[in-house]
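The values are calculated or read from the model by the stated rules, or taken from the named source; none is laboratory data. Only a predicted model underlies this, so the values are computations on that prediction, with no experimental measurement involved. Heads up, the Cβs are rebuilt from the backbone with ideal geometry, glycines too, and the neighbour counts pull from every protein chain shown. In case anyone asks, the SASA skips ligands and DNA or RNA and just uses the protein heavy atoms, side chains included. Shrake-Rupley method; radii C 1.70, N 1.55, O 1.52, S 1.80 Å.
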Amino acid sequence: KIALLEANSDVGMGTSKASTAIWHTGYDAKPGSLEAKLLRRSYALMAEYLPEANIAHEVLGGLLIAWNQDQFDTLPKLLKQAHDNGEMDVRMISAEEIHVREPHISKGALGGLYVPGEGILCTFSVPLAMAYQAVENGVDLFLNFQVSEIRPSTMDDGRQTTWSIVDGQSSIVQSRYIINAAGLFSDEINAMFGKTSFKVTPRRGQLIVYDKMARPLVKHVLL
């Protein structure tokens, strides 16, 4: 009854596996926004799901560090924002505490915020685990199915009954309902319904991956 259509040869090959691997509390989201609501909800859900699915994760706590006066002056506003988002354990810390917590960090920090709930997780495992559980529970997974067209299917009297989802090899999946979960390409899928209300503008980030032997040098998520 449910089909999962994946453009690549396996799930999680797009941006799902290419994040910063931070398990984020959402402390710095705009209070009352959809982002703040979803981050708070997803954090609680992941707290249950990660151990259930045996996904590697750690709650390290995060340090948001101010390196100049402008950043330092912003900390009280960010603290209030965190509390407004329900993260009541977020607090300001001194430069001395930062260096106690992170003895290898450069000198010159003026102070910061301590966010106890921030953590890390394995971004490769999350989409794999979710897809695996979906298939185990009866979902049909279609790999290498890159959607090229979505068109309505109608009866003789003109009533629409289903959607025809077509891939590049002309394979077709018929569906009564479609959930757009295409990530960076969600605006393209949206446009196939004639909806152009939003445009995704991706940004390419840069990550440095260190050897595991460097792990003791950093004890928190540094923000």
Quick check, is A56 touching a Leu at 6+ places or on another chain (Cβ under 9 Å) and at pLDDT 95 or above?
yes
State which residue is most open to solvent (accessible area, probe 1.4 Å) when the search covers only segment 124-151 and only residues that are of a type in the set (D, E, K, R) and more than 13 Å from G168 (Cβ to Cβ).
E136
Any idea which of (1) assigned to a loop (DSSP other than H, G, I, E, B); (2) farther than 22 Å from L184 by Cβ; (3) open to solvent by less than 70 Å² (accessible area, probe 1.4 Å) is the one G26 doesn't satisfy?
(2)
Just checking, how many residues over segment 180-208 are open to solvent by less than 100 Å² (accessible area, probe 1.4 Å) and among the charged types (D, E, K, R)?
1
May I ask you to say which residue of S164, S153, S148 is assigned to a strand (DSSP E or B) and touching a Gly at 6+ places or on another chain (Cβ under 9 Å)?
S148
Taking segment 167-192 only, how many residues are assigned to a loop (DSSP other than H, G, I, E, B), of a type in the set (G, A, S) and either within 30 Å of R203 (Cα to Cα) or within 28 Å of the chain's Cα centre (by Cα) (or both)?
3
Of everything in segment 71-106 that's under 27 Å from the mean Cα position of the chain (by Cα) and among the β-branched types (V, I, T), which residue is farthest from E58 (Cα to Cα)?
T74
List every residue pair whose Cβ atoms lie under 8 Å apart, where the two residues are 6 or more positions apart in sequence or sit on different chains, the first residue falls within segment 198-219 and is over 26 Å from E188 (Cβ atoms) and modelled with pLDDT of 90 or more, and the second residue, located anywhere, is open to solvent by 100 Å² or more (accessible area, probe 1.4 Å) and of a type outside the set (F, W, Y).
L217/H104; V218/H104
So, first residue of a type in the set (G, A, S) in segment 26-50, second residue exposed (fewer than 14 other Cβ atoms within 10 Å of the Cβ) and not in a helix (DSSP H, G or I), Cβ within less than 7 Å, six or more apart or across chains; the pairs are A36/K30
Would you pick out the residues in segment 38-90 that are in contact with a Pro (Cβ under 6 Å, 6 or more places away or on another chain) and not in a helix (DSSP H, G or I)?
G61, N85, D89
So G112, is it touching a helix residue (DSSP H, G or I) at 6+ places or on another chain (Cβ under 8 Å), within 28 Å of S42 (Cα to Cα) and not charged (D, E, K, R):
yes
Residue check: is A109 assigned to a helix (DSSP H, G or I), surrounded by 13 or more Cβ atoms within 10 Å (Cβ to Cβ) and either of a type outside the set (S, T, Y) or under 26 Å from the mean Cα position of the chain (by Cα) (or both)?
no
